[in-house]
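Worksheet: the structure to be examined is printed underneath.
The values are calculated or read from the model by the stated rules, or taken from the named source; none is laboratory data. In this text the structure is predicted, and so the values were computed from the model without any measurement. All Cβ positions, glycine included, derive from the backbone under ideal geometry; neighbour counts span all protein chains shown. Only protein heavy atoms, including side chains, enter the accessible area calculation; ligands, DNA and RNA are left aside. Shrake-Rupley method; radii C 1.70, N 1.55, O 1.52, S 1.80 Å.
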Protein chains: 2
Amino acid sequence: MARKKRINPRKSPAQERSRFTVEQIIQAATQVFAEWGYAGATTNHIAERAGVSIGSLYQYFPNKEAILVTLAKRHVEIAGNLLMGLVAERNLIETDLTEVLRPFIQATLELHTGNPRLNYVILSEAVWSAEAMEQVHALEDQFIDQLALTLDTHRQVSVKNSRHAAYIVVHAIKNLAHEFVIHPPAGMSEEAFVEEMVALVGGYLNR
Amino acid sequence: MARKKRINPRKSPAQERSRFTVEQIIQAATQVFAEWGYAGATTNHIAERAGVSIGSLYQYFPNKEAILVTLAKRHVEIAGNLLMGLVAERNLIETDLTEVLRPFIQATLELHTGNPRLNYVILSEAVWSAEAMEQVHALEDQFIDQLALTLDTHRQVSVKNSRHAAYIVVHAIKNLAHEFVIHPPAGMSEEAFVEEMVALVGGYLNR
DNA sequence: ATTAAATATGAGCAATTACTCGTAATTTGG
DNA sequence: CCAAATTACGAGTAATTGCTCATATTTAAT
């Protein structure tokens, strides 16, 4: 799509009043993007839902895409912190691999169940504005690196290349969770799905 | 996006001349969608690239979405035939599981390497026009059912629920291949990726 | 050769929409 | 209390674009 747009905020909110405005816009955008998709969502609609004027919206976001990037960054950050926290609060020397894996997978699934559409918008738009999403991918890579270190720590895990393994694990879980919530397969419960995923990833890490 | 559009051809080409026209449109659409994304692609642009008038395009496709659906169906059909053929031409009683898995994964990867962007357009748009993509998903489900039967045949495979297993296997391979070609991770070759995938899926099926 | 059906054309319309800019209201600092 | 800075407003615009339709051309049928 050949985009070369600024994605940084046109202006940073300084007063409490404007910080509230920006937050309203973000909340509204979350709903509208999820409901209508990226192309279907209009900036006017977002502003309306946020209860602010279209002019105010463009004071803080230079364009539509910048709004989505903000959403994406927030999402990845929240997810990253939650998941790494989950791993960190467990003793990796003593805990069985499955006991770490299952909550990890469950949490990822819930993260996607919460707002499946929004995730899809973020994922699909990311392709067409690679530079804009650089920051998002940087966060993701950072997460993978962290996980790679963790893998090295766990006694049950034996992989040649922990970076490669972390990449496979993260994206297997992320993408299959996506798939599952977007096109729920007939005759497979959430619990069943989680167990299959535990088997898939557990078997891969522990050989 | 609340779409309720007809997606079936407005008119079926009867003469050789028009069949050629339709084929030109499909080829052009493949390129233009891949290059610009769904929203970025314009029907006028597609017609132009195809070397036909915009009027001709709308004689055979009721709207832009119908063009994408046609592309998607074709893609799934080709991929399905290729992959099932790959499995079919091997003797599952004697062949080692890995010997079936590796070419399967390689072929899937190549399928995506060929036109990564187009795949993404299809995937991401599918969410916003569920009914339109019904036919596409029917084809996918059919493929999973077929694979489930095959899994039951292979002696090395031992899974509780072959339907579930087929679902996991197909989507793990498909989605990770996507991920890999769209955001190639630094420091991981195609070969390395394939081997990791063989380990992932092989370990899951053979326990 | 004549008619009817199929196919091709493309100018232009109707609708949508991202975004601007001049102005007004509110808050802050001194 | 006042001036400067910040924030809010929203009507309007410029550009885009999916799609129609009246007309022309080509092919098939008799």
Hey, can you list the residues from segment B:167-188 whose accessible area shrinks by 40 Å² or more with all protein chains present, relative to the chain by itself (probe 1.4 Å, no ligands or nucleic acids)?
B:TYR167, B:ILE168, B:ASN175, B:LEU176, B:GLU179, B:HIS183, B:MET188
Can you give me the C-alpha center-to-center distance between segment A:130-161 and segment A:171-190, rounded to a whole angstrom?
22 Å
Compute the acute angle (0 to 90°) between the alpha-carbon long axis of helix B:190-205 and the principal axis of greatest extent of the alpha-carbon atoms of chain B; round to the nearest 10°.
60 degrees
Cβ under 14 Å from A:LEU149's Cβ, A:LEU149 left aside: what net charge do those residues give with Lys, Arg +1 and Asp, Glu -1?
-2
Tilt, helix A:16-40 to longest principal axis of chain A (alpha-carbon atoms), in degrees rounded to tens, equals 70 degrees
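If you take every residue apart from B:VAL170 with its C-beta less than 14 Å away from the C-beta of B:VAL170, what net charge results, scoring Lys and Arg +1 and Asp and Glu -1? Each step should come with its number before you reach the end.
Details: positive: B:ARG163, B:LYS174; negative: A:GLU179, A:GLU196, B:GLU140, B:ASP141, B:ASP145.
After counting each charged neighbour, the total is -3.
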Nm distances between the label at B:GLN135 and the same-position labels in the remaining copies, 7 Å along Cα→Cβ, shortest first?
4.3
Can you tell which of B:GLY85, A:LEU71, B:HIS112 lies farthest toward the positive end of the dipole of the protein assembly as shown, using +1 and -1 charges on the Cβ of basic and acidic side chains (Lys, Arg; Asp, Glu)?
A:LEU71
Can you list the copy-to-copy distances for B:GLU110, using a point 7 angstrom from Cα toward Cβ, in nanometres, shortest first?
4.4
Among B:ALA166, B:ALA41, B:GLN15, whose Cα sits farthest toward the positive end of the charge dipole of chain B (+1 at Cβ of Lys/Arg, -1 at Cβ of Asp/Glu, about the Cα centre)?
B:GLN15
Please work out whether chain B counts as rounded, prolate or oblate from its C-alpha gyration tensor, where a ≥ b ≥ c are the square roots of the eigenvalues and a/c under 1.5 means rounded, while otherwise a/b larger than b/c means prolate and anything else oblate?
prolate
In a shell of Cβ-Cβ distance under 12 Å around A:LEU123, excluding A:LEU123 itself, what net charge do Lys and Arg (+1) and Asp and Glu (-1) give?
-2
Suppose you put the label 7 Å out from Cα in the Cβ direction; list, shortest first and in nm with one decimal, how far B:ASP152 is from each other copy's label.
4.7
As I understand it, the value is the acute angle between the Cα axis of helix B:97-114 and the longest principal axis of the Cα atoms of chain B; what does it come to in degrees, rounded to 10?
20 degrees
How much mean residue ellipticity at 222 nm does the protein assembly as shown get from its helices, if each DSSP H run of length 4 or more adds -39500 (n - 2.57) and you divide by all residues, to the nearest 500 deg cm²/dmol?
-24500 deg cm²/dmol
Explain nothing, just the number: dipole magnitude of the protein assembly as shown about its Cα centre with +1 on each Lys and Arg Cβ and -1 on each Asp and Glu Cβ, in debye rounded to the nearest 20.
1560 debye
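For a quick check of your reading of the filter: which GluC sites (Glu not before Pro) in segment B:49-155 sit in a DSSP loop and have no more than 11 other Cβ atoms within 10 Å?
Working: sites: B:GLU65, B:GLU77, B:GLU89, B:GLU94, B:GLU99, B:GLU110, B:GLU125, B:GLU131, B:GLU134, B:GLU140; in loops: B:GLU89, B:GLU94, B:GLU131.
Qualifying residues, ordered by number: B:GLU89, B:GLU94, B:GLU131.
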